[in-house]
Amino acid sequence: MNLRHPYLYFSNEDLPRLKALTREGDHAIIWKNILLTAESHLDDRIPEQPPPGPARAFYDNGVTFDPEFLVVHNAYYENGYRVKYYGELFAFAYLLSGDKRFLDRSKAWVLNHCSWSQWDETANRSDVQSSLALCGIAIVYDWVYDDLSEEERQKIRSALIENSRLFRENWSRPLDLGNHFWVCYAALGVGALALLSEHPEAEEWVEFVTDRYKQLLPISFGEDGDYIDTVFFACYALRNAFFYFEALKRVRGINLTTTPVLSRVAHWFLHSLPPDRDAHPEQRFSPIDMVAYFRPVMMRLGSLFGDPYARWFLSANGEELGAAFAYPWWYDSTTNGDKPGRSFQGHWEFLSYDGTVRANSPDELPSAKLFRDTGQVIMRSGWERDDVWLFFRSGPASGKDKLDQNGILLYGYGERLIDILLPPRSTYTERGDYWTHIHFFQTTIGSNSLLVDGEGQTLTHPVWLMDPEISRAQWKSGGKVDTFGKVLHFESRAEWDYALGEANKAYGGLLKTFKRHVVYLKPDCFILYDEIESANSAVPRRYDILFHTLGEIVPQTDGIRILQPRADLFVRVVEPRKVEVEMNLTPIAQDGKRHPFAMIHPVEKAPAAALLTLLLPVRKGQQPLQPDVNVVTNRTKGLLVRHKGREFQISLH
């Protein structure tokens, strides 16, 4: 096969058209920001190769990470991001501007990395940390091929071949659904496509990766566009996979994006991001600018499927297209002065932007939505930043599980009122602190669910919390496998939304039932009705419902009050009449502080308990209008609600 570089995403014949776009409409805005970013980062220091690190990741116990491994692992991971972001940015800026300074800098970044003896730490070869480098260097090789000397071409080509072979060997393992497979197959695939005319093994690598994606696509995403590995990692997986999908379609005419479920992913993203569209609490490691992070993927989805709601996402947040954004997966002390790392995605936005897709407000979408395969329920009052939003989860184990089945999150009037806190933001030199704290912040006690006699939901893996085999078995099992949580009922009406989750299977045999009924009385009242029963009816137990926030918590006789600068939340327990509120402090969280959290339980231990709790968000300085709510048992159990001059009965399933 004779292919002339560049050919992965555009050809030399396309360059005049692309250059013309730099002067037109939104493309001109994106191009302005590409140049601004390239100029401002032109002199960032290129790092040296880190040491190879130890031969194993863990101590002898198989649970505790070797700190030396963690330091080296993060160094290679950081540098994988850097070489991809910097190399591509400068190469694209050169191609459309002709400025040789950008060409020289792109080559310097890539050739430096290709001189390294290895692209990842010894104990964890050919994984996501080096996938970024493999993908990025292959793209730069394609883009600036004509401006490389034969010696430079040979150096880059040899490095690509060597590392592609390692990836082909490492990722022949049995297929899994996690984001690492998506990201690493993309890297191998892009590397292979860049070498099609120059290396005999590349053809088989392309066939292998294409076959793997054909298997992954229908099984990784749920019918509603949801993904096993959380919303953040779905974005991470797709943003990398698109590098391969787009190049494969152009080079081979094979379109992997026709899988119907991909057309629904953007709507899952839209529903799942809180009204501030900032870091989603499921995101496991560090907060980032989620609007900017999702922007390239939403742009691709909007262009691919003509999705007006994905296009709305790009225009609703007041940020300019193409701008670089903070990406503190690491703290970049080597190139950026101990500031959060930067992500450069403007060139991909430039290539994928379709100005013919017009934005439509998601007000036309349902305000409440059940995502059936993940068991996630979203209820909201609207799509503006000061609207009310509740997230409820009761579903299969996930790859990034927080052991929070039947857990909730609540946002209202510009504030995160009930939240999940994150572990300390650490460099890997302090990573020991991170792993010390992860079992608080990433397990049930750090969630807004239930403790039984102080015990949380079952930990099935000593490091990653959830055994990958369990999450694989529970995902899209069609009822053949008991999932740790399950949404038993969901309905949405004009005046209220209702969801019911059952999470008894998450407690390792402790409970016969843990049903959490969640009712949203629109627009400003939520009702939790928790029905809990011990598996052993002879054993009285203490049942604590948990509430976390970054705000202040003031205990009340019937619950708590959560105080934030722009809004408050009144948490009032209606039944039982007498409860105890126990206040505790978290370990040091990501903001460097310890935060109060509340544990509310009936005064008396009992084999079974039922707690009826109101969640009443209000704007600062306002008092809630509390509904009159009673549990009624006529022919069927239900809630009799009188609120704001209305009366209705909601059947509890």
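Data overview
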| item | result |
| --- | --- |
| Test set (1) of a type outside the set (A, V, I, L, M); (2) surrounded by 20 or more Cβ atoms within 10 Å (Cβ to Cβ); (3) at pLDDT 90 or above - SER361 fails condition number | (2) |
| Lone unmet requirement of (1) modelled with pLDDT of 95 or more; (2) open to solvent by less than 60 Å² (accessible area, probe 1.4 Å); (3) assigned to a loop (DSSP other than H, G, I, E, B) for PRO50 | (1) |
| Some residue of the stretch 112-122 being open to solvent by 10 Å² or more (accessible area, probe 1.4 Å), under 19 Å from PRO47 (Cβ atoms) and not polar (S, T, N, Q) | yes |
| Any hit, the stretch 492-506, residues being in contact with a helix residue (DSSP H, G or I) (Cβ under 8 Å, 6 or more places away or on another chain), more than 30 Å from GLY53 (Cβ to Cβ) and either at pLDDT 95 or above or of a type in the set (D, E, K, R) (or both) | no |
| Per-region count, the stretch 193-213, residues among the hydrophobic types (A, V, I, L, M, F, W, C) and either at pLDDT below 95 or more than 17 Å from LEU256 (Cα to Cα) (or both) | 4 |
| Failed item in (1) without any contact (Cβ under 8 Å) to a residue 12 or more places away in the chain; (2) outside any loop (DSSP other than H, G, I, E, B), with GLY80 passing the rest | (1) |
| Pairs with Cβ under 6 Å, 6+ apart, first in the stretch 501-513 and closer than 19 Å to GLY454 by Cβ, second aliphatic (A, V, I, L, M) and buried (at least 22 other Cβ atoms within 10 Å of the Cβ) | ASN504/LEU511 |
| Where a residue in the stretch 570-586 is open to solvent by less than 40 Å² (accessible area, probe 1.4 Å) and its partner, wherever it lies, is part of a strand (DSSP E or B) and modelled with pLDDT under 95, with Cβ under 7 Å and at least six apart | VAL574/VAL629 |
| Looking only at the stretch 623-653, and only at residues there that are open to solvent by 80 Å² or more (accessible area, probe 1.4 Å) and without any contact (Cβ under 8 Å) to a residue 12 or more places away in the chain, the one that is farthest from ASP558 (Cα to Cα) | ARG635 |
| Every pair of residues 6+ apart whose Cβ atoms lie under 8 Å, when the first sits in the stretch 183-212 and is under 17 Å from LEU238 (Cβ atoms) while the second is open to solvent by 10 Å² or more (accessible area, probe 1.4 Å) and not in a helix (DSSP H, G or I) | CYS184/ASP127; THR210/ILE254; ARG212/LEU175 |
| Residues of the stretch 525-548 that turn out to be touching a residue at least 40 places away in the same chain (Cβ under 8 Å) and open to solvent by 40 Å² or more (accessible area, probe 1.4 Å), as a count | 7 |
| Residue check for ARG157: of a type outside the set (S, T, N, Q), open to solvent by 10 Å² or more (accessible area, probe 1.4 Å), assigned to a helix (DSSP H, G or I) and closer than 15 Å to VAL140 by Cβ | yes |
| Filtered residue count, the stretch 23-47, keeping only those that are closer than 25 Å to VAL190 by Cβ and outside any helix (DSSP H, G or I) | 4 |
| Residue in the stretch 605-621 that is nearest to the chain's Cα centre (by Cα), counting only those that are part of a loop (DSSP other than H, G, I, E, B) and in contact (Cβ under 8 Å) with a residue 40 or more places away in the chain | LYS620 |
| Contacts under 8 angstrom Cβ, first residue in the stretch 458-473 being at pLDDT 75 or above and in a loop (DSSP other than H, G, I, E, B), partner among the hydroxyl-bearing types (Ser, Thr, Tyr) and open to solvent by less than 50 Å² (accessible area, probe 1.4 Å), 6 or more apart | THR458/TYR507; LEU459/THR443; ASP467/THR460 |
| Subset of the stretch 475-493 (residues that are closer than 21 Å to PHE391 by Cα and either touching a Gly at 6+ places or on another chain (Cβ under 9 Å) or in contact (Cβ under 8 Å) with a residue 12 or more places away in the chain (or both)) | TRP475, LYS476, THR483, PHE484, GLY485, LYS486, VAL487, LEU488, HIS489, PHE490, SER492 |
| Subset of the stretch 568-601 [part of a loop (DSSP other than H, G, I, E, B) and not basic (Lys, Arg)] | PRO576, THR586, PRO587, ILE588, ALA589, GLN590, ASP591, GLY592, HIS595 |
| Test: residue in the stretch 137-154 that is open to solvent by less than 10 Å² (accessible area, probe 1.4 Å), assigned to a helix (DSSP H, G or I), modelled with pLDDT under 95 and among the hydroxyl-bearing types (Ser, Thr, Tyr) | no |
| Checking ASP453 against (1) under 27 Å from PRO587 (Cβ atoms); (2) open to solvent by 10 Å² or more (accessible area, probe 1.4 Å); (3) within 22 Å of the chain's Cα centre (by Cα); (4) modelled with pLDDT of 95 or more, the condition it does not meet | (3) |
| Test: THR557 is open to solvent by 10 Å² or more (accessible area, probe 1.4 Å), at pLDDT below 95, over 18 Å from LEU417 (Cβ atoms) and of a type outside the set (Asp, Glu) | yes |
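The values are calculated or read from the model by the stated rules, or taken from the named source; none is laboratory data. From a predicted model like this one, the values you see are computed outputs, not experimental measurements. Cβ atoms come from the backbone with ideal geometry, glycine included; neighbour counts cover every protein chain shown. Side chains are part of the model used for accessible areas, which takes the heavy atoms of the whole protein and leaves out ligands, DNA and RNA. Shrake-Rupley method; radii C 1.70, N 1.55, O 1.52, S 1.80 Å.
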